[in-house]
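Following: one structure in structure tokens, then a few remarks.
Readers should treat all values here as calculations from the given coordinates under stated rules, not as data from a laboratory. Everything numeric here is computed off the predicted structure, so don't read it as measured data. We place every Cβ from the backbone using ideal geometry, glycine too, and count neighbours over all the protein chains shown.
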Amino acid sequence: MVNSILHLAADNHLTSVIYHGFMIAGVLAAVIYIILTAKHYTISIMRAMLALAIVAVPSFAFIYLGSWVESGFTSWGGRNIIYAVIPFFLMIWPAARLLKLDGWALSELFAPCLCIVLGISHFGCMFAGCCHGYRWEKGIYNHSLDYNTFPIQPVEALVALAIAAFIIVRQIRSHYTVKGDSYPLMMVIFGISYFLLQFARDNTKLFLGLSFLALYLVLIVVTGLSIVFSISAREKEKKRVKRKGK
């Protein structure tokens, strides 16, 4: 069924249109989520949209930069949203300062957004033929290679959506309490999951079966863990001071 659809799209030269359609759908889904959720963090929709623009534009530049480095400084292609994970978090703080918002609240609001975008848009990669797995006769058809490959794109897409769902449910259960740990926790779970999935991707390996993207995912995990531990230490200090005050 899936291969029939992929063959049909390739035969009718619709792969690029469908690919970009999934990308647009992913962005729209994240925007809708922000619109529906911003009120829970006492952030107006207008300021949330302005903050998203301020954060997303430079982060998008890092997507091209990361793809350029990954290609060995030969191509600006790829547009892998994974390279935006760290700069997206870093850009939250100047955006919050500029718009006079609580940076931690803004980070909570944006925590599942990249996973939402990636989870939906990554299905389009099946049609584009990018981000593919190794050759596998029982896999999905890749029109750019003209043979079947391991379906790593939908697997990665489903994992991203699962992570987004976990973060959202966790926030709902905490009644949208601003702890500040949702985004870094997403980084840790996402980084570990996608690092393991990289071994099923047919991309250029640098050493020990690790690609440049896999190494960047390690950096994402380390960054996320350092922030989680920092937040944990901050909360423990607050409790210590409160107990001392009593």
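Under 18 Å Cα to Cα from Lys179, which lysines show up? Leave out anything in the same chain fewer than 8 places away.
The reachable lysines, counting only those whose Cα sits under 18 Å from Lys179, are Lys39, Lys236, Lys238, Lys239, Lys242.
What do you get for Rg/Rh over the stretch 3-61 if you use C-alpha atoms and the Kirkwood form of Rh? Mind showing how you got there, number by number?
Values: Rg = 16.6 Å, Rh = 13.7 Å.
With Rg and the Kirkwood Rh in hand, the quotient comes to 1.21.
Quick check on the chain: helices-only [θ] at 222 nm, where DSSP H runs of length 4 and up contribute -39,500 (n - 2.57) each and the sum goes over total residues. Nearest 500, please. Numbers along the way, then the final one.
On the way: 10 runs with 167 residues, N = 246.
Calculated at 222 nm, the ellipticity per residue is -22500 deg cm²/dmol.
Which trypsin sites (Lys or Arg not before Pro) in the stretch 84-143 pass both tests, a DSSP loop state and at most 11 other beta-carbon atoms within 10 Å?
Numbers: sites: Arg97, Lys100, Arg135, Lys138; in loops: Lys100.
Listed in order of number, the matching sites are Lys100.
Direction-averaged shadow area of the convex hull around the Cα atoms of the chain, nm²? The partial results should precede the final answer.
Numbers: hull surface 61.3 nm².
Seen from a random direction, the Cα hull of the chain projects 15.3 nm² on average.
Please list the helices of the chain that count as membrane-span-like by this rule: a mean Kyte-Doolittle hydropathy of at least 0.0 together with Cα atoms stretching 24 Å or more along the helix axis, each helix being a complete DSSP H run.
Details: long enough: 15-37 (33 Å, 1.91); 45-70 (36 Å, 1.62); 152-173 (31 Å, 1.52); 212-245 (50 Å, 0.51).
What comes out of the filter, once short or polar helices are dropped, is 15-37, 45-70, 152-173, 212-245.
Taking the Cβ of Tyr147 as the center, what net charge do the other residues with Cβ under 10 Å away carry, scoring Lys and Arg +1 and Asp and Glu -1? If you can, show how the numbers build up before the last one.
Working: positive: Arg135; negative: Glu137, Asp146.
Its environment carries a net charge of -1.
Largest first and in whole Å, what are the equivalent-ellipsoid semi-axes of the stretch 167-222 based on the Cα gyration tensor, each being the root of 5 times an eigenvalue?
Details: eigenvalues 185, 22, 6 Å².
They are 30, 11, 6 Å, listed largest first.
Students often get this wrong: which residues of the stretch 142-162 have the backbone nitrogen under 19 Å from the point 7 angstrom along Cα-to-C-beta of Leu14?
Within reach of a label on Leu14, which here means backbone N under 19 Å from a point 7 Å along Cα→Cβ, the stretch 142-162 contributes 142-144.
Per the Kirkwood definition applied to all pairs of different Cα atoms, how many angstroms is the hydrodynamic radius of the stretch 1-131?
On the way: mean 1/r = 0.0628 Å⁻¹.
Computed over the stretch 1-131, the radius equals 15.9 Å.
Calculate, for Tyr134 and Ser174, the FRET efficiency according to 1/(1 + (r/R0)^6) with r their C-beta to C-beta distance and R0 51 Å; round to the nearest 0.05. The partial results should precede the final answer.
On the way: r = 41 Å, r/R0 = 0.79.
FRET efficiency, Tyr134 to Ser174: 0.80.
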